[in-house]
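The values are calculated or read from the model by the stated rules, or taken from the named source; none is laboratory data. As the structure is a computational prediction, the values presented were derived from the model and not from experiment. All Cβ positions, even for glycine, are placed from backbone atoms using ideal geometry, and neighbour counts span all protein chains on display.
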Amino acid sequence: MGAITMESPLIQGAYMASALLFILGISRLGRVRSARAGNRIAALAMLVAVVATTIVLWGDAGRETLWAVLAGGVALGSVIGLVLARRVAMTAMPELVALFNGLGGAASMLVAWAELERARGTWASGPRGADGLVVSEGLFGLGTVNLATLYGPLFVVAAVLSILIGAVTLSGSLVAYGKLAGKIRGARLGPLGIRPLNAVLLATAVAVAGAVGFAFAGDPETAAWAIYALVGLTLLLGIGLVVPIGGADMPVVISLLNSYSGLAACSTGFVLQNNLLIVAGSLVGASGLILTKIMCRAMNRSLANVLFAGIDAGSAGGDQEYTGVKSTSAAELAMVLDAAQSVIIVPGYGLAVAQAQHKVQELATLLEGRGCEVRYAIHPVAGRMPGHMNVLLAEASVPYERLFELDEINGDFKNTDVTIVVGANDVCNPAAYEEGSAIAGMPVLDVWDSRTVVVVKRSLSPGYAGIKNELFERDNALMLFDDARAAIEEAVSEFGDL
Amino acid sequence: MTDLALLALPAATLADDGAGSFLIVGLWVFLLAIFVGVELITKVPPTLHTPLMSGANAISGITLVGALSCAAADFPQAGRVLGFLAITLATINVVGGFLVTDRMLGMFGSSGRGKKDAD
């Protein structure tokens with residue numbers, strides 16, 4: 001069958017079905033009961049799209065090396081993807097999501113780059129004049145032309161946009177991966193730091209992108225160097241954009257990079273004139289943008305502030321001296337809990353680092369066995385990606401009905417006997433209510449309203465905001481200085497001895 | 001001789017009116033899809049934020065469709081190398097993304113049953 005092309009009704013019908021399945025899948029993915037089915041519907045949509053594309057390529061058959069390339073790439077990618085998906089620990093989820101994001105962006109960038117190479121190849125195959133320049137028939141007639149007049153501005157603009165967004169997604173995600181996996185230390189740069197350099201990089205990249213399309217008339221060889229320069233500059237830009245951003249702002253960064261990976265695919269859809277890429281890419285772009293917005297709102301900061309300012313640690317932090325802090329032990333925690341009728345657990349990044357989710361669930365089960373009500377209060381930016389705590393607690397089989405959002409549970413702290421803060425800091429800092437504080441206006445969990453607050457934390461060191469947390473000095477606050485898992489484990493065994 | 005160059009132009013050429021009208025159609029599709037996406041995702045509960053993100057991530061691997069045609073069509077050597085890389089990376093994104101999302105959501109499912117048992 002050689003006659004089936006992209007424009008055939010069969011293929012376009014398959015692409016339409018695929019687009020609808022993607023939309024259906026995403027809508028199912030948004031509800032707890034149907035989420036797993038939704039993910040599978042989206043996977044089916046992808047399968048339909050890939051099979052339809054392969055049918056089109058069948059017309060190109062007879063070139064065995066090409067099939068080897070295709071099959072080889074798909075097989076290699078499948079094996080790596082399978083192994084990564086199976087092997088990764090749930091605590092390493094943020095890194096993996098960042099990594100996959102980067103790969104998606106990279107693929108879009110490479111496709112656009114390959115299309116530019118193809119266009120350049122065709123361009124270079126044209127006849128040359130006496131001066132060595134290629135003479136071709138462009139939009140404005142015969143002459144020496146550039147990529148934009150030869151292939152149209154849409155093609156070139158979409159291609160350079162794909163490279164820009166895709167490359168920033170790739171290198172930005174790899175930096176985010178490094179930070180999340182603890183491989184890149186978050187060395188804070190000076191007040192000016194790297195940001196002016198980013199502005200220069202961006203301006204240069206835009207200029208080079210313009211040149212790729214609109215300069216080098218009749219000279220495809222020099223245009224090639226401009227394309228390489230564009231790829232290099234945009235990769236550097238991605239690094240420069242993410243390096244200065246602190247670990248606790250990662251939920252915003254990951255959401256934004258997620259959005260970029262969709263927009264890169266979308267832009268590639270304009271390069272290839274393929275509506276399916278535009279639909280699927282836009283869905284991802286929209287989803288990432290909304291998550292970004294939710295994360296920013298949860299920190300009461302604007303996106304620009306997260307990306308370009310960072311938190312000014314010196315603004316209103318005051319001194320970091322603590323007075324009247326009461327230290328406690330796991331044994332005392334067990335005793336306090338023994339008398340409690342209602343307990344709220346507030347998990348934070350420290351819980352993820354210590355992998356304490358299973359021990360926390362064990363403690364909760366013990367308490368529930370004694371008729372105590374146990375709930376979890378989840379701050380939207382607790383952890384390193386949106387919904388990070390929910391995944392960890394789900395892994396430990398904590399029923400999701402016990403997990404409450406900030407708005408749902410904040411009024412209940414005052415009726416609660418004991419609140420245990422496990423590895424969280426800024427999300428329960430009363431400074432958010434003080435004007436002029438670095439985190440002023442950020443929605444926080446009012447844990448101090450409960451009768452007793454036990455804070456499990458390794459030291460009095462500040463959270464990402466770099467400011468003091470007066471919660472630790474409150475009369476009803478007890479500090480349990482230990483690794484989260486060790487502390488909770490000890491409390492569980494003490495509890496058994498009571 | 002110029003006819004040769006014209007024949008070899010990719011579909012994306014503006015030499016006919018196809019690309020101009022595709023821009024308009026493409027922008028319509030883009031706007032409507034963004035609208036649908038925003039409407040669908042605004043309602044997602046925080047519990048599902050991570051699976052949503054990782055599932056969406058896998059969907060962004062749709063660029064695999066573009067990568068496949070890249071490696072197959074009349075591409076120069078450099079284009080094919082890029083195409084092969086693109087296919088591999090996009091497939092990792094797609095296969096890994098959907099599988100890990102399924103694994104995650106499987107845990108959410110079991111916690112749901114746990115709730116029923118507890119009641």
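Summary table
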read-out: Test result for residue A:404, at pLDDT 90 or above, over 17 Å from residue A:333 (Cα atoms) and among the aromatic types (Phe, Trp, Tyr); value: yes
read-out: Hits in the range A:127-162 (condition: under 29 Å from residue A:108 (Cα atoms), assigned to a loop (DSSP other than H, G, I, E, B) and facing another protein chain (nearest Cβ under 10 Å)); value: A:139, A:145, A:152
read-out: Unique match (being away from every other protein chain (no Cβ under 11 Å), surrounded by 21 or more Cβ atoms within 10 Å (Cβ to Cβ) and on the phi < 0 side of the Ramachandran plot) among A:237, A:289, A:303; value: A:237
read-out: Scan of the range A:124-152 for residues that are aliphatic (A, V, I, L, M) and within 23 Å of residue B:76 (Cα to Cα), ordered by number; value: A:124, A:133, A:134, A:135, A:145, A:147, A:148, A:150
read-out: Search result, residues across the range A:242-286 that are hydrophobic (A, V, I, L, M, F, W, C), more than 8 Å from chain B (Cβ to nearest Cβ) and in a helix (DSSP H, G or I); value: A:242, A:248, A:250, A:252, A:253, A:256, A:257, A:263
read-out: 2 or more residues more than 7 Å from every other protein chain (Cβ to nearest Cβ), modelled with pLDDT of 90 or more and over 21 Å from residue B:98 (Cα atoms): qualifying helices (runs of 4 or more DSSP H) within the range B:1-60; value: B:18-42
read-out: Condition broken by residue A:375, with the remaining ones in (1) at pLDDT 90 or above; (2) within 13 Å of residue A:487 (Cβ to Cβ); (3) touching a strand residue (DSSP E or B) at 6+ places or on another chain (Cβ under 7 Å) satisfied; value: (2)
read-out: The range A:12-47, residues that are among the hydrophobic types (A, V, I, L, M, F, W, C), farther than 21 Å from residue B:30 by Cβ and more than 7 Å from every other protein chain (Cβ to nearest Cβ); value: A:37, A:41, A:44, A:47
read-out: Of all residues making up the range A:100-126, the number that are more than 7 Å from chain B (Cβ to nearest Cβ) and in contact with a strand residue (DSSP E or B) (Cβ under 8 Å, 6 or more places away or on another chain); value: 2
read-out: Long-range neighbours under 9 Å by Cβ, at least six apart or interchain, first residue surrounded by fewer than 22 Cβ atoms within 10 Å (Cβ to Cβ) within the range A:344-359, second of a type in the set (Ser, Thr, Tyr); value: A:353/A:91; A:355/A:91; A:358/A:397
read-out: Which listed residue, of A:367, A:363, A:393, is within 22 Å of residue A:255 (Cβ to Cβ) and either within 14 Å of chain B (Cβ to nearest Cβ) or more than 25 Å from the chain's Cα centre (by Cα) (or both); value: A:393
read-out: Selection from the range A:370-379 of residues that are more than 12 Å from chain B (Cβ to nearest Cβ) and either among the hydrophobic types (A, V, I, L, M, F, W, C) or not in a strand (DSSP E or B) (or both); value: A:370, A:371, A:372
read-out: Among residues of the range A:405-420, those that are surrounded by 14 or more Cβ atoms within 10 Å (Cβ to Cβ) and closer than 21 Å to residue A:295 by Cα, counted; value: 4
read-out: Meets criteria (facing another protein chain (nearest Cβ under 7 Å), in contact with a Lys or Arg (Cβ under 9 Å, 6 or more places away or on another chain) and among the hydrophobic types (A, V, I, L, M, F, W, C)) for residue A:50; value: no
read-out: Single residue of A:394, A:382 found to be crowded, with 22+ Cβ neighbours inside 10 Å and part of a helix (DSSP H, G or I); value: A:394
read-out: Unmet criterion (only one of (1) within 14 Å of chain B (Cβ to nearest Cβ); (2) charged (D, E, K, R); (3) in contact with a helix residue (DSSP H, G or I) (Cβ under 8 Å, 6 or more places away or on another chain)) for residue A:490; value: (1)
read-out: Any hit, the range A:86-99, residues being at the interface with another protein chain (Cβ under 8 Å from one of its Cβ atoms), closer than 27 Å to residue B:82 by Cβ, modelled with pLDDT of 85 or more and surrounded by 15 or more Cβ atoms within 10 Å (Cβ to Cβ); value: yes
read-out: Failed item in (1) buried (at least 17 other Cβ atoms within 10 Å of the Cβ); (2) modelled with pLDDT under 85; (3) more than 13 Å from residue A:209 (Cβ to Cβ), with residue A:119 passing the rest; value: (2)
read-out: Flag if residue A:74 is assigned to a helix (DSSP H, G or I), touching a Ser or Thr at 6+ places or on another chain (Cβ under 7 Å) and at pLDDT 95 or above; value: no
read-out: Which listed residue is assigned to a loop (DSSP other than H, G, I, E, B) and either more than 27 Å from the chain's Cα centre (by Cα) or farther than 18 Å from residue A:376 by Cα (or both), from A:414, A:468; value: A:468
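Listed here are the residues, each with its yes/no results for (1) without any contact (Cβ under 8 Å) to a residue 60 or more places away in the chain; (2) in contact with a Cys (Cβ under 7 Å, 6 or more places away or on another chain); (3) under 30 Å from residue A:96 (Cβ atoms); (4) not assigned by TED's automatic domain parsing to the domain that holds residue A:353.
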residue: A:382; (1), (2), (3), (4): yes, no, yes, no
residue: A:389; (1), (2), (3), (4): yes, no, yes, no
residue: A:398; (1), (2), (3), (4): yes, no, yes, no
residue: A:417; (1), (2), (3), (4): no, no, no, no
residue: A:424; (1), (2), (3), (4): no, no, yes, no
residue: A:428; (1), (2), (3), (4): no, no, yes, no
residue: A:436; (1), (2), (3), (4): no, no, no, no
residue: A:439; (1), (2), (3), (4): no, no, yes, no
